[in-house]
């Protein structure tokens, strides 16, 4: 087989949500060996997590600095090749830059980081080191999202006019952070989440998805960032109007106070000759409107779906794949990239540019909300 | 039986769409006798339409002025009691005011008229004459909309936080007005449609629906009115952010260039304890989220639906009613009102206030779009 | 206009369900004048119903025999031309045959009657008199059913292999007839409903729908007729396996004890090159599988739907029509037939042959259930 | 951690479908180490597959007999503890019995085997050896199936009256086996598939699902097994009527010639007080009818779902899990059982009894089809 990529993890100790997801994703296609980790600030948690995962105790490190330092000293054939970063947002930039500088490839949870300075620095270091940097915008690796992208970018729906994208959740409808719930706790804390709440946590997914599928850029926006739950320090509800470079306009809504909504990431795109709709809660369905105006449901792994999506599935039509499989697609493509071969998944996985775009998007929204005006989403070094 | 209300119609000659709808609606429950009409500017069309409808040729009038004048001279027991106005927007105000002044009740298509001056004048005359004025915001008479209103206004979903309402169509994706298609023709012509296109035609339905269901007022808004089809004189796409008097916020999108969309009026309301969703293309389903967070589908005429909706249906559960039946509910309630008895439908049908609200909404959106700022939706005489 | 067909009604007095439906259906397109009636066995009910409907008291008859007799004596230009029969099943044959013999056209609720003798007699008299006989299998007049029929009979899905049709309701899950509920009362009473319960009430709809859409005949069947509610005299649940003349096979299930189900008539047809699915509770959607295997949703009145369905709708795409409109399509076509012109609806409405087929189907199912074997559904005079 | 269970695989070489699924399932939760295998009859395939999987070449065996023999000779701490059998149906019994006798636990694909003799023998040996035998009826490990089972067996829908279960596919609509397609090839070949085609391949899933959810037994049936594709040696379409021990009745349809259908396993259960519906193509939704008659959608991992389903998910609400995750649930529970601890998943995974039930079901259907009569599904040693 292709050798399993040796990887170390920063974050994801017992009690975390996304760390476990990353580990399932890296196991799914058997492309990795998780051989090292610093799973949290508490060495005891790291030790227990490492034991649970069957990792050599000698490679369960008290700090991520230690991990990077000591792994670097191991023989090339033994040391990790890549680092997976699954910590809260404020703790992405430092381990990522350190890992890159030490010669490791990096796969990092989103959003990229918590400031433009960090983002530009990461971009610079990624480019200088030439290492692979992957950002786990997992939805972009869902087969039907890829099918959507193929259809839009190849002109099947004509010129895009309207995009409605939303990411609605309800789990922060009450002040869950007061209960000590770990996910709510850091996501509503500016010191760990950064200057935005819902916008960074889920709005950036919506933004990345719309640019990924359309292959176009959101160039300016008008944003209202709101906080509905009293005493919460960050936005829990966002409404954004936007314009894209080729003339399309649309709305982007992200909210965590939509009672009862689970994980409602949904995008609808209308062009001059057709339309598309995708809803991540039913990810195997892509609703396509072709020129006759009727809605056709293209399903994962069917012959009605194209090559692009087929390569991202593991099972025949009618065997639903979901969130974890899309996540695993990112990891699989990352492994291929790390091993220096063209990805058998042929996935242009989201990387440092997507991360930078996300921070540009967040910053523009923050400025728009503050200044109450339309703001350009810069492409450059603002 | 209760006597059939004698009614005359202005507009709705051969080739029109909405006139035929009004006539089916007034026939459905056998509450009216259509005994007079001026069905268009062309007397020949009126004559033919009248013949088709079996109306006494003597009561098929060349002009609506004639109809009002001559009907007024007939014996009380013979003359019409009410006038139905189904002309393009610019031709609502004059026949409506004339009819009211002549002592007739009025039922009129939406939007109410094409300017604030007309709207305030109509309000004044309606109040002065004490006649009944109904506006056919038909969606508000759909049983499940009534069920939604009951649930929201009685507090079942707690305090409303978010409202997403949209009305998306695709039929004007191309320049249909150039083909001579009658519906497209007047709707995109400022002299007949008024200062707005999609916003008046469908955006006002969305606005009325959200205020009707929530029992709350949209107090300020930020609007972008766009025209996607080159050379079109009026907006064919609108995006609006809004705030309501009790603190809720939301988006209202109306568009006629969403390729393939038929008649997509859809509203979602999220409160502090529950949520609701209604889609007029599947009008017999109300999706309700109760405190357990699960979506429950309340269906027309079932025991899970309340009294309010039950009175608006004609058939048992599972026998789908739709657009025409909701329209007929408005007419039925109007008949009851005209006959001076409490409506057996107990429907607070939309009237002059809803019409005025619609014009206030349109004007605020026009100003916001022009000035690029948030604008209050006045309650008063602006 | 074409003159309104003068019609008299048998049954449908206050408290009845289907009578009111027939009256809405005959009003919908303004093709009829309801000028006479015997609305029940109780003359007082007939008098009140007639008054409610604005019918001349002189033409509200104490018995249906009187109605037929006395109407026959009126001048041709005044007397009724047709009779609508909306009584329980056992009271179809006698008024229908009398009406036909008196020279009136007949439109009758389903099932046709309660025995083969009655059915054959009705067929014979219909043929002898040359009058029009319509049977209100309303679902066959739903636009998307017509679209389905066009597609299947023109070969678009290839040769039909499998048909799954079901009609599931839950309203008789408990012994509702004991509460005095009128609909439950007669439907579970062999003296009025005939030898079958659910099978006649709803199973015949399913049977007619499958033969109507496929244009093929159910030739043999194996049936289990069950009664789940203790003490009920007729079947409330049926399961049938069947074979069709061209080789297709399938299942037909009708039940009135499926808790919570409203009016679940649903058919799925699979051919060698495509498939179709229609659900009467969402009648504006026809799910079509074309050769690429994807499901496409063809919607009423869209350009993706063909001519046949377009002629059966009153409103543009996206304006839902339902049960009452389909019913009205039957009445409209009946009116055209009565007036002797080709139907503008071009609807081959269900008639005496469909009625006879229904009785043959019932009889075959009864025999199969009794003999525990497959039984041919005769075409002839069995 | 709990040690990873050492497992060897029989079957599943390059080109196979279900072998890859089993391997993903065993990797998902990191409960296994796949350390040995005989992946096919061709040693070269085994060698390549083993290399791809990173298995020690010394433990890639030319025959399964070798694997069982040589693994038995390894030190206890090294040798495999369990065998996974993913071969065609005719090749289950021999390796399974050999593995059990050698002291290995077994997890085997369904159906159990191809004859009653084999089934009873397997049951006997399983009981004698006291080893764990799991059968991968994966659908029974889907969280919402577990939720359904809890609800039905705890009486939430009252007494079950009706069950409609179906498993419809379309992939064998044409004679795919002639193209050399590997999956079609063996499934339509009696020497490898056994005496039934669709019935064994998918009908047994439907049967197991209905017994699993209801906790009741299918006691008698009437079956029609058909072959629609000319020249095919086994059934590709089945229709079964059945009765259950507590009085419920229903239909079970399995077909592989339903054009366009992917993997349509769907079950509907109606009780005296409620109902349930589950569709494996949308596995995260359980449609529940409670006493008010409305359909409520219970979703995986939400608070509206109970404990039983929660333990079978890996991600929060709204993150769709699917086919592979359900499969992994079986493997996870098997691992727990092998390690001798109570399953943290508390999953009563399907085992030898389910396998035997499946063969009893197949045999009864074969007899019914041949004799054209109802046949009891024996509980005993028929």
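Values quoted throughout were computed directly from the atomic coordinates according to the rules given, and no laboratory measurement underlies them. Quick caveat, the model's predicted, so the values are computed rather than measured. Methodologically, a virtual Cβ is constructed for each residue, glycine included, from the backbone with ideal geometry; neighbour enumeration extends over all protein chains shown.
Once you put a point 7 Å from the Cα of residue A:44 and another 7 Å from the Cα of residue A:339, both along the Cβ direction, what distance in nm separates them?
4.1 nm
Within 10 Å of each residue's Cβ, count the other Cβ atoms and sort B:10, A:5 from fewest upward. Let's see the in-between values first.
On the way: B:10 29, A:5 23.
Ranking B:10, A:5 by Cβ neighbours within 10 Å, fewest first, gives A:5, B:10.
Normalise the Cα radius of gyration of chain A by 2.2 N^0.38 Å (N = residues in it) and let me know the number. List each step's numbers first, then the result.
Values: Rg = 20.3 Å, N = 382, 2.2 N^0.38 = 21.1 Å.
In units of the 2.2 N^0.38 Å rule of thumb, it is 0.97.
Quick one: helix C:116-129 against the long Cα principal axis of chain C, what's the angle to the nearest 10°, folded into 0 to 90?
60 degrees
Taking the Cα-to-Cβ direction at residue A:150 and at residue A:372 and moving 7 Å from each Cα, how far apart do the two end points lie in nm?
4.9 nm
Roughly how many nanometres apart are two label points built 7 Å out from the Cα toward the Cβ at residue B:69 and residue D:78?
So the two model labels end up 11.3 nm from each other.
Expressed as an acute angle from 0 to 90° and rounded to the nearest 10, what is the orientation of the C-alpha long axis of helix D:43-53 relative to the principal long axis of chain D?
Approximately 80 degrees, to the nearest 10.
Given label points at 7 Å from Cα along Cα→Cβ, what nm distances, shortest first, separate residue B:370 from the same residue in every other copy?
Result, one decimal in nm: 3.3, 8.3, 8.8.
Relative to the longest principal axis of chain B, what angle (0 to 90°, nearest 10) does the C-alpha long axis of helix B:352-371 take?
60 degrees
By its C-alpha gyration tensor, with a ≥ b ≥ c as the square roots of the eigenvalues, how is the protein assembly as shown shaped: rounded for a/c under 1.5, else prolate for a/b larger than b/c, else oblate?
On the way: a/c = 2.39, a/b = 1.30, b/c = 1.84.
Verdict is oblate for the protein assembly as shown.
Averaged across B:275-287, how many Cβ atoms of other chains sit within 10 Å of each residue's Cβ atom? Show your work: numbers first, answer last.
Numbers: counts 7, 1, 0, 0, 0, 3, 8, 5, 3, 5, 3, 1, 2.
Across B:275-287, the average partner-chain Cβ count within 10 Å equals 3.
With the radius of gyration and the Kirkwood radius both derived from the Cα set of the stretch A:5-138, what is their ratio Rg to Rh?
On the way: Rg = 13.6 Å, Rh = 14.5 Å.
Computed over Cα atoms, the ratio is 0.93.
Going 7 Å from Cα along the Cα-Cβ axis for the label, what nanometre distances separate residue B:191 from the same residue across the other copies?
Distances to the matching label points in the other copies: 6.9, 7.4, 8.6 nm.
When the helix-only estimate is applied to chain D (DSSP H runs of n ≥ 4, each -39,500 (n - 2.57), divided by the residue count), what is the mean residue ellipticity at 222 nm, nearest 500 deg cm²/dmol? Walk me through the intermediate numbers first.
Numbers: 12 runs with 127 residues, N = 382.
Helix contribution divided over all residues of chain D: -10000 deg cm²/dmol.
Using alpha carbon centroids, what distance separates the stretch A:213-251 and the stretch D:52-125, in Å?
57 Å
Residues of B:160-171, mean number of Cβ from any other protein chain within 10 Å of their own Cβ, rounded to a whole number? Write out the running numbers ahead of the final one.
Details: counts 0, 10, 11, 0, 8, 0, 3, 0, 6, 3, 6, 4.
Shielding by partners across B:160-171 averages 4.
Rounded to whole Å, how close does chain D get to the rotation axis onto B by Cβ? Give me the residue too, please?
D:296, 2
Using the number of other C-beta atoms within 10 angstrom as an exposure proxy, rank D:315, A:49 with the fewest first. It would help to have the intermediate numbers written out before the result.
Working: D:315 21, A:49 26.
Listing D:315, A:49 from fewest to most nearby Cβ atoms yields D:315, A:49.
Rounded to whole Å and sorted largest first, list the principal axis extents of the Cα atoms in the stretch B:80-198.
So the extents along the principal axes, rounded to whole Å, are 44, 43, 26.
Measuring label to label, 7 Å along Cα→Cβ, what does residue D:150 give against each other copy in nm, shortest first?
Between copies, matching label points for residue D:150 lie 3.2, 4.0, 4.9 nm apart.
Kindly put C:97, B:227, A:251 in sequence by how many other C-beta atoms sit within 10 Å of each C-beta, fewest to most.
On the way: C:97 19, B:227 16, A:251 22.
Least to most surrounded, the residues fall as B:227, C:97, A:251.
Over all residues in B:8-21, what is the mean tally of Cβ atoms on other chains that come within 10 Å of each residue's Cβ?
Across the residues of B:8-21, the mean count of other-chain Cβ atoms within 10 Å is 1.
What is the Cα coordinate range of the stretch A:1-74 on the first, second and third principal axes, sorted by size from largest, in whole angstrom?
Sorted from largest, the Cα extents of the stretch A:1-74 read 35, 31, 17 Å.
Can you give the translational diffusion coefficient of the stretch B:242-305 in µm²/s, computed by Stokes-Einstein from the Kirkwood radius over Cα pairs at 25 °C and 0.890 mPa s?
Working: Rh = 13.7 Å.
Estimated diffusion coefficient is 179 µm²/s.
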